[in-house]
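Worksheet: one structure, shown below.
The values are calculated or read from the model by the stated rules, or taken from the named source; none is laboratory data. Just so we're clear, the structure is a prediction, and the values are computed from it rather than from any experiment. Using ideal geometry, Cβ is built from the backbone for each residue, glycine included, and neighbour counts are taken over all protein chains shown. We work out accessible area using only protein heavy atoms, side chains counted, and drop any ligands, DNA or RNA first. Shrake-Rupley method; radii C 1.70, N 1.55, O 1.52, S 1.80 Å.
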Amino acid sequence: MKKILFIVSLLLLAACSNDEVKYDGAPLKIAIVGDIPELKNEKIHFEPISLDEFSEDTMHISTNFDAVMITPVMFEEASDDRFVKVYKNSKMPIIFFDSAKRHLPFTNDGLTYETAHREALNNGSHTTIYLSDNAANREDAWYFFLKGEKEIDILYKDIFQKIETLKR
């Protein structure tokens with residue numbers, strides 16, 4: 001009986017770790033700086049890159065990917081001032097996934113993710129998509145909210161749908 005319970009527990013754990021995202025839009029290719037999300041959807045392809053690759057070959061990245069996603073394990077390094085111009089000059093959406101401090105520590109000189117005051121930057125959002133348009137002298141940010149951990153698939157779907165509209 002204990003073996004059966006153990007096997008059932010493992011199966012449930014495996015099923016929960018790979019959430020299926022019900023995104024049915026255009027296929028998206030997303031560069032990932034950090035941890036690759038464990039989700040299932042045939043239309044979403046993640047490819048790992050480093051911050052250095054992104055900063056050194058922004059043109060190549062922007063022509064071969066629909067967006068760049070930066071995850072929490074890379075936030076401190078990604079908020080270094082040497083990357084501010086990379087984000088502001090990028091011609092593609094940048095997803096700061098699970099950033100309570102939004103995009104602000106990444107796009108402003110003198111701030112790091114660690115030193116930026118969370119209370120002042122926290123608007124309750126889970127994830128921010130940032131897009132800069134230097135030619136139009138404008139920056140846009142879209143905020144995505146997570147209502148509960150069980151709704152992570154809805155959050156991903158909303159993010160992917162926004163990326164699809166931005167790539168048109």
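Okay, here's what the table says:
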item	result
Where a residue in segment 45-61 is in a helix (DSSP H, G or I) and its partner, wherever it lies, is open to solvent by 30 Å² or more (accessible area, probe 1.4 Å) and polar (S, T, N, Q), with Cβ under 9 Å and at least six apart	THR58/ASN89
Test result for ILE32, assigned to a loop (DSSP other than H, G, I, E, B), over 18 Å from ASN134 (Cα atoms) and touching a Pro at 6+ places or on another chain (Cβ under 7 Å)	no
Residue match in segment 131-138 (condition: at pLDDT 95 or above and either closer than 27 Å to GLU38 by Cβ or basic (Lys, Arg) (or both))	yes
Within segment 120-143, considering residues that are part of a loop (DSSP other than H, G, I, E, B) and farther than 22 Å from LEU51 by Cβ, the one least open to solvent (accessible area, probe 1.4 Å)	SER125
Among (1) part of a helix (DSSP H, G or I); (2) touching a strand residue (DSSP E or B) at 6+ places or on another chain (Cβ under 6 Å) - the single one GLU151 does not satisfy	(2)
Condition check for VAL68: modelled with pLDDT of 95 or more and not in a helix (DSSP H, G or I)	yes
Scope segment 91-102; condition of a type outside the set (D, E, K, R) and either over 15 Å from SER125 (Cα atoms) or under 11 Å from the mean Cα position of the chain (by Cα) (or both); matching residues	MET92, PRO93, ILE94, ILE95, PHE96, PHE97, SER99
Residue within segment 64-82 that is open to solvent by 10 Å² or more (accessible area, probe 1.4 Å) and touching a residue at least 60 places away in the same chain (Cβ under 8 Å) present	yes
Selection from segment 105-149 of residues that are under 18 Å from the mean Cα position of the chain (by Cα) and of a type in the set (Lys, Arg)	LYS147
Residue in segment 155-163 that is open to solvent by less than 70 Å² (accessible area, probe 1.4 Å), at pLDDT below 90 and under 23 Å from ASP24 (Cα atoms) present	no
Qualifying residues in segment 75-119 (those that are in a loop (DSSP other than H, G, I, E, B) and aliphatic (A, V, I, L, M)) - the one modelled with the lowest pLDDT	ALA116
Check on PRO93, under 23 Å from ILE61 (Cα atoms), touching a residue at least 40 places away in the same chain (Cβ under 8 Å) and open to solvent by less than 50 Å² (accessible area, probe 1.4 Å)	yes
